[in-house]
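Each remark here refers to the structure printed beneath this line.
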Amino acid sequence: MQAFTTLTARIVALPNENVDTDQIIPARFLKATDKVGMGDNLFADWRYDREGRPRPDFVLNTPEARGAAILLAGDNFGCGSSREHAAWALLGYGFRAVISTSFADIFRNNALKNGLLPVVVDADTHWQLFSVVGEEPAAEVTIDLAAQTLRLPDGRAVRFPIDAFACQCWLAGVDELGYLLARAPQIEAYEQRAGDMVRTK
Amino acid sequence: MTTSTQPQTLFDKIWRGHVVAQEPDSPAVLYVDLHLIHEVTSPQAFAGLRERGLPVRRPDKTVATVDHSIPTHDRSLPIADPQCARQIAQLEANCRDFGIPLYAADSPHQGVVHVIGPELGLTQPGMTIVCGDSHTATHGAFGALAFGVGTSEVEHVLATQCLLQHKPKTCEVRVEGRLRPGVGPKDVILALIAQIGVGGGTGHVFEYTGPAIRGLSMEGRMTVCNMSIEAGARAGMIAADDVTFEYLAGRPFAPTATAWEEATARWRKLPTDPGAAYDKTVTLDAAVLEPMITYGTNPGMVAAITDRVPTPDAVRDPVQRRALEKALAYMALTPGAALLGQPVDVVFIGSCTNGRLSDLRQAASLLRGRKVHKRVRVLVVPGSQQVKEEAEAEGLDVVFREAGCEWREPGCSMCIAMNGDQLQPGQYAVSTSNRNFEGRQGPGGRTFLASPLTAAASAVAGAIADPRAMMA
């Protein structure tokens, strides 16, 4: 995983609430056995028509969206299916962070494990960001992970919460599997103590 | 500091019993008793193991089947979609290479992963169970802590049999009263989602309690727990009782003889202690529920079947109003129109929500001696080979065929539309599955989620129909 310290980037605004992972990446793109090319199918059914032509009214197809690395989304982003392909698709497209008032639990976990930063802001900041993007699409914000702040174009810095453990992993570019593997002695001891609930073979 | 003498919830007891290590400011290292895998969310996890040269720590606590992308037509035919074929072949290779038992397409135990776990007796009270699938909550019906994980976490569990997890909060969902005829477990869970919304359970584990829940069969309890995720809760649980033990006794992987006695003694200590505190409680009255059906594009956009399509103008919150307008535009429904009588093109009976024997019996009870409407295509997809066999043993396949339904092979089928079973753009389906998201059952397809009874009644009527009108 790529280490993440600060990010200064433009924002794409998608005001819909409850954006489910079936919209982020439709199930027909889950037949892959690798993670390659997921970004091409991000929001496929909103982004392209049935013939595969870009829909001009979808935000990712507007000229302002080009080069933006932060998605600003409505509440409860990433609900529904557990597919990690949703995080892969957002990253593959070029997003490094998603800002919302809340995230679905599994999506948030998947994002954190892949270097896609879920930033939770209060409703006022959320509203302010939408109006900033509406008025000035080229405006940039800065996310500082160590300071846990989001700096708005007017200079105001808003703190956002982040799981301290995930934050340490991110800043160091360390993955969680390494942490778990290092716990092998404790896992061994647990297995000795607890025994097996069921064996599948 | 908590002590063992303090009253604990079912969730607390299982959580505490599975913490392998817990460092300050870090998530718990949580042990997983049973890991279920399928073809869609596992290939990249196995690729990760290969890259690092890691084995699967406990292949004997792991089990695999093919369900999401497997065709439900005649199994002797080849798989037409080369990507699906490749994904299934990859799972077979991964299971072979890493020593994981696989219930493959030709196995008498193949089926939807959340149907076969319970029917094999692998799912047991007090266990932690995970799967790269959000409907893993199904297994919570046995008083287990079961939740969906992403592919990175699938890799973590394969490599270490553990997960890093922050302790979630608990929410008691108390369902009072008794269900009326024609109203079932699917209606209960849809009514709950109507009440609390699709994000209402975020950060929480549900424990369903109350007389209406106690009165459900194991299969009904699975239907309720299954859709916990549609309210945002990762897990839903129901304390095990005699109904649970009766279901489990004699199943292939259930304990036997003295091990059974020991297990049931242990299981009886798991239910929530009197006086234990939940972080929050939600209450629902089963006695006033009617059959429920969705009208929009998430499971929270749901109403009693006798209601009308809601009117966006009546919604004050601008974000909610826009969401409703967008959903009704996608569904091409007229605000204020009655839900009853909305025309239907396809009916899907199946899935991890409603693909079990009792669901098929319910649907068949209305279809016996009737014909499905000539406009409607009806797919009946049993949840597993075992469900299929049991249904055929009691002649349900004949009932469905004579009514004009397709009787198919087990799989996820039109719930997720990965295997070729899908709606055409613009078609309407009444579906017993769990998600009515845009395009979920095929690009441009429009889904009404409902119970097996409502699905069967609608198949006969060719339109959304109230099953109570057809019940003897």
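The values are calculated or read from the model by the stated rules, or taken from the named source; none is laboratory data. Computed from a predicted model, the values in this text were never measured in an experiment. Positions of Cβ are generated from backbone atoms using ideal geometry, with glycine treated the same way; all protein chains shown enter the neighbour counts.
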**Message:** Among the numbered criteria (1) more than 14 Å from chain A (Cβ to nearest Cβ); (2) under 19 Å from B:Leu453 (Cα atoms), which one does B:Thr334 miss?
**Reply:** (2)
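Residues checked against (1) surrounded by 18 or more Cβ atoms within 10 Å (Cβ to Cβ); (2) modelled with pLDDT of 95 or more; (3) in contact with a helix residue (DSSP H, G or I) (Cβ under 9 Å, 6 or more places away or on another chain):
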{"residue": "B:Thr311", "(1), (2), (3)": "no, yes, yes"}
{"residue": "B:Lys326", "(1), (2), (3)": "no, yes, no"}
{"residue": "B:Phe348", "(1), (2), (3)": "yes, yes, yes"}
{"residue": "B:Leu357", "(1), (2), (3)": "yes, yes, yes"}
{"residue": "B:Gln362", "(1), (2), (3)": "yes, yes, yes"}
{"residue": "B:Ala393", "(1), (2), (3)": "no, yes, no"}
{"residue": "B:Leu396", "(1), (2), (3)": "yes, yes, yes"}
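Out of the residues in the stretch B:70-97 that are in contact with a helix residue (DSSP H, G or I) (Cβ under 6 Å, 6 or more places away or on another chain) and at pLDDT 95 or above, which is surrounded by the fewest Cβ atoms within 10 Å (Cβ to Cβ)?
Filtering the stretch B:70-97 for residues in contact with a helix residue (DSSP H, G or I) (Cβ under 6 Å, 6 or more places away or on another chain) gives B:72, B:79, B:90, B:94.
Filter once more, so that each one left must be at pLDDT 95 or above: B:72, B:90, B:94.
On the way: B:Thr72: 22, B:Gln90: 16, B:Asn94: 24.
This residue is B:Gln90.
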**Request:** For the stretch A:144-167, name all the residues that are outside any loop (DSSP other than H, G, I, E, B), crowded, with 16+ Cβ neighbours inside 10 Å and within 12 Å of another protein chain (Cβ to nearest Cβ).
**Result:** A:Phe165, A:Ala166, A:Cys167
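I need the strands (runs of 3 or more DSSP E) fully contained in the stretch B:1-100, keeping only those with at least 1 residues that are away from every other protein chain (no Cβ under 12 Å), free of Cβ contacts under 8 Å to residues at least 24 places away in the same chain and hydroxyl-bearing (Ser, Thr, Tyr).
Working: elements: B:19-22, B:28-31, B:34-37, B:62-65.
Output list is empty.
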**Request:** Being free of Cβ contacts under 8 Å to residues at least 40 places away in the same chain and either more than 7 Å from chain B (Cβ to nearest Cβ) or surrounded by fewer than 22 Cβ atoms within 10 Å (Cβ to Cβ) (or both) is the filter; apply it to the stretch A:14-31 and report the residue that is nearest to A:Ala68 (Cα to Cα).
**Result:** A:Arg28
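Can you find, within the stretch A:48-88, the residue that is nearest to the other protein chains (Cβ to nearest Cβ) among those that are among the charged types (D, E, K, R) and closer than 28 Å to B:Ile193 by Cβ?
Within the stretch A:48-88, the subset among the charged types (D, E, K, R) is A:49-51, A:53, A:55, A:57, A:64, A:66, A:75, A:83-84.
Pick out the ones that are also closer than 28 Å to B:Ile193 by Cβ and you get A:75, A:83-84.
On the way: A:Asp75: 7, A:Arg83: 7, A:Glu84: 4 Å.
Per the criteria, the residue is A:Glu84.
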**Item:** strands (runs of 3 or more DSSP E) contained in the stretch B:160-258 and holding at least 1 residues touching a Cys at 6+ places or on another chain (Cβ under 9 Å)
**Value:** B:204-209, B:235-237
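If we scan the stretch B:109-125, do we find a residue that is aliphatic (A, V, I, L, M), at the interface with chain A (Cβ under 10 Å from one of its Cβ atoms) and assigned to a strand (DSSP E or B)? Working first, answer last.
Step one: of the stretch B:109-125, the residues aliphatic (A, V, I, L, M) are B:112-113, B:115-116, B:120, B:122.
With at the interface with chain A (Cβ under 10 Å from one of its Cβ atoms) added as a condition, the list becomes B:120, B:122.
Of the ones still in play, those that are also assigned to a strand (DSSP E or B) are none.
No.
Evaluate the stretch B:166-185: report whether one residue or more is acidic (Asp, Glu), touching a helix residue (DSSP H, G or I) at 6+ places or on another chain (Cβ under 7 Å) and either within 12 Å of another protein chain (Cβ to nearest Cβ) or more than 28 Å from B:Ser384 (Cα to Cα) (or both). Please lay out each step first, then the result.
Filtering the stretch B:166-185 for residues acidic (Asp, Glu) gives B:172, B:176.
With touching a helix residue (DSSP H, G or I) at 6+ places or on another chain (Cβ under 7 Å) added as a condition, the list becomes B:176.
Then keep just the ones that are either within 12 Å of another protein chain (Cβ to nearest Cβ) or more than 28 Å from B:Ser384 (Cα to Cα) (or both); that gives B:176.
Yes: the stretch B:166-185 contains one or more residues that are acidic (Asp, Glu), touching a helix residue (DSSP H, G or I) at 6+ places or on another chain (Cβ under 7 Å) and either within 12 Å of another protein chain (Cβ to nearest Cβ) or more than 28 Å from B:Ser384 (Cα to Cα) (or both).
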**Matching residues in the stretch A:175-188 - criterion: being without any contact (Cβ under 8 Å) to a residue 24 or more places away in the chain and more than 8 Å from chain B (Cβ to nearest Cβ)** = A:Gly178, A:Ala182, A:Pro185, A:Glu188
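Scan B:Pro443, B:Pro467 and give me the residue that is over 30 Å from B:His109 (Cβ atoms), out of contact with any His (no Cβ under 8 Å at 6 or more places or on another chain) and within 11 Å of chain A (Cβ to nearest Cβ). Reasoning before the result, please.
Numbers: B:Pro467 fails: within 11 Å of chain A (Cβ to nearest Cβ).
On inspection, the qualifying residue turns out to be B:Pro443.
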**Request:** Would you check which residues across the stretch A:168-201 are more than 30 Å from B:Ala254 (Cβ to Cβ), part of a loop (DSSP other than H, G, I, E, B) and touching a strand residue (DSSP E or B) at 6+ places or on another chain (Cβ under 7 Å) and list them?
**Result:** A:Arg183
